[in-house]
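The values are calculated or read from the model by the stated rules, or taken from the named source; none is laboratory data. Owing to the predicted nature of the structure, the values given are computational and were not obtained by experimental measurement. Using ideal geometry, Cβ is built from the backbone for each residue, glycine included, and neighbour counts are taken over all protein chains shown. All accessible areas refer to the heavy atoms of the entire protein, side chains included, with ligands and DNA or RNA removed. Shrake-Rupley method; radii C 1.70, N 1.55, O 1.52, S 1.80 Å.
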Amino acid sequence: MTMAARKGRTTASPHTSITTTAWPGSLDSWLSRIPLPKWALIAVAVAGAILLLLFLICIIKCCCSKKKPKKKERIGLCAVSNSTTTSLVQPEMEDLEQGVEQKRRGKLQYSLEYNFRTQELKVGVKQAVELKAMDSGGTSDPYVIVYLTSDVKRRYETKVYRKTLNPIFNESFVFQVPQAEVSESTLVMQIYDFNRFAKHDIIGEVRLPLATVNLQHVIEQWSDLAVASKVEEEHLGEICFSLRYVPSTGKLTVLILEAKQLKRMDSDGLSDPFVKVHLILNRKKWKKKKTSVKKNTLSPYFNEVFVFEVPFSQIQNVDVVISVWDHDKVTKNEPIGKLFLGCRATGNQLRHWSDMLSNPRRPLAQWHILQPPEVVDKALGLKSHLKLPLHSR
């Protein structure tokens, strides 16, 4: 029995040692391979646990921070949309739109030079950049109108530049401004987008009070284009007509099509308009014709054609004056507005005339804005009314 008991103990002890010490033995053998003391291994394990915990905390915070702004946004825009707090914090949509419009209009470079001896203000329209695109193709056909608020009837226009948002004008205009009136005047430079068959759209303007400028020196600077002022000169109306010239026969055809938005001349708020077509040769009146009178309308339709014989040798010396009049049976007929075309014209009128000469035998129609009669007469600088030896055939 004693031997059996010993055998039992000797057989049991190996089984016990295998079941209780197999895993710790393998861990100890693995740890014994690392050339670090046990305290260092414990420190590394603790540091790793801390880093893992911090990583999990960061992930949780990021997820929470993304969700919270959405809740606040919903509350600010929906639940409190009519509250006083919202009206104070959130800008009005009109203000936002005006801010965007302001940025998109572009810039204008110009120069100013005042001659105190001759009392003349020379305005140089240099160039514009990053203009607002007004056409469907992403471009514009810009030109500039320049005038002083002290004399709004005297206006200058640059040439029209096709399909560009960065036109280079390099044109100068001279205004006669007495020194005493300089501080009371404001220089206005408006950039328009040219449209042949529709109203020209204004892109923006620069208004410069001359009282804020030191005219002792020549000034050259850039200015941002602003939204055009609503205070405008009295609108006289617009007229559409076609020009055609055939060099081989020397025939100039003027087709008066229609007018619109004419100035009210009668007490009943209407007018009785008709159109005169004058030919000026070498600054002297030469030939004239007129349309029929259209009663009680501000938008008359004429569709009347006039043919003038102008030799090719004289076409460069001819000005065509288009004037709209109000017919009156009792008193004298009154002019509503005028414009003239020819090599001495500027702006849209010069463009129309140049297009006609560049496209012989082809009729070209275009809308034009009527100008004050006295401004056109002054620009024409007509001489005494003498008949010329050149006669119609």
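Here Ile336 clears all of (1) assigned to a loop (DSSP other than H, G, I, E, B); (2) in contact (Cβ under 8 Å) with a residue 60 or more places away in the chain; (3) crowded, with 20+ Cβ neighbours inside 10 Å except the condition numbered (1).
State whether one or more residues within segment 108-115 are at pLDDT below 50 and either in a loop (DSSP other than H, G, I, E, B) or among the polar types (S, T, N, Q) (or both). Checked segment 108-115: no residue is at pLDDT below 50 and either in a loop (DSSP other than H, G, I, E, B) or among the polar types (S, T, N, Q) (or both).
Looking across segment 300-325, the residues that are open to solvent by 30 Å² or more (accessible area, probe 1.4 Å), within 37 Å of the chain's Cα centre (by Cα) and closer than 17 Å to Ala365 by Cα come down to Tyr301, Asn303, Glu304, Val305.
Scanning for something at pLDDT 50 or above and of a type in the set (Ser, Thr, Tyr), does segment 77-84 turn up at least one residue?
No, because not a single residue in segment 77-84 is at pLDDT 50 or above and of a type in the set (Ser, Thr, Tyr).
Of the residues in segment 168-187, not one is at pLDDT 90 or above, surrounded by 13 or more Cβ atoms within 10 Å (Cβ to Cβ) and out of contact with any Lys or Arg (no Cβ under 8 Å at 6 or more places or on another chain). Only residues that are assigned to a loop (DSSP other than H, G, I, E, B) and surrounded by 19 or more Cβ atoms within 10 Å (Cβ to Cβ) were counted across segment 339-381, and they come to 3.
In the set Ser313, Ser292, Ser299, Ser358, only one residue is among the small types (Gly, Ala, Ser) and within 15 Å of Ser242 (Cα to Cα); that residue is Ser358. Can we say Asp328 is surrounded by 16 or more Cβ atoms within 10 Å (Cβ to Cβ) and touching a strand residue (DSSP E or B) at 6+ places or on another chain (Cβ under 8 Å)? Judged against the criteria, Asp328 is not a match.
The residue pairs whose first member lies in segment 170-191 and is farther than 16 Å from Glu120 by Cβ, whose second member is part of a strand (DSSP E or B) and open to solvent by 70 Å² or more (accessible area, probe 1.4 Å), and whose beta carbons are closer than 6 Å, counting only pairs six or more residues apart or on different chains, are Thr186/Arg207; Val188/Arg207. Consider segment 116-151 and keep the residues that are assigned to a strand (DSSP E or B) and of a type in the set (Phe, Trp, Tyr). The one that is farthest from Gln176 (Cα to Cα) is Tyr143. Elements of the type strands (runs of 3 or more DSSP E) sitting completely within segment 176-227 and holding at least 2 residues that are of a type in the set (Ser, Thr, Tyr): these cover 186-193. Of the set (1) among the small types (Gly, Ala, Ser); (2) more than 21 Å from Asp141 (Cα to Cα); (3) modelled with pLDDT under 95, all apply to Ser323 but (3).
Report whether or not Arg154 is part of a loop (DSSP other than H, G, I, E, B), of a type outside the set (S, T, N, Q), open to solvent by 40 Å² or more (accessible area, probe 1.4 Å) and closer than 30 Å to Met265 by Cα.
When the stated conditions are applied, Arg154 does not pass them.
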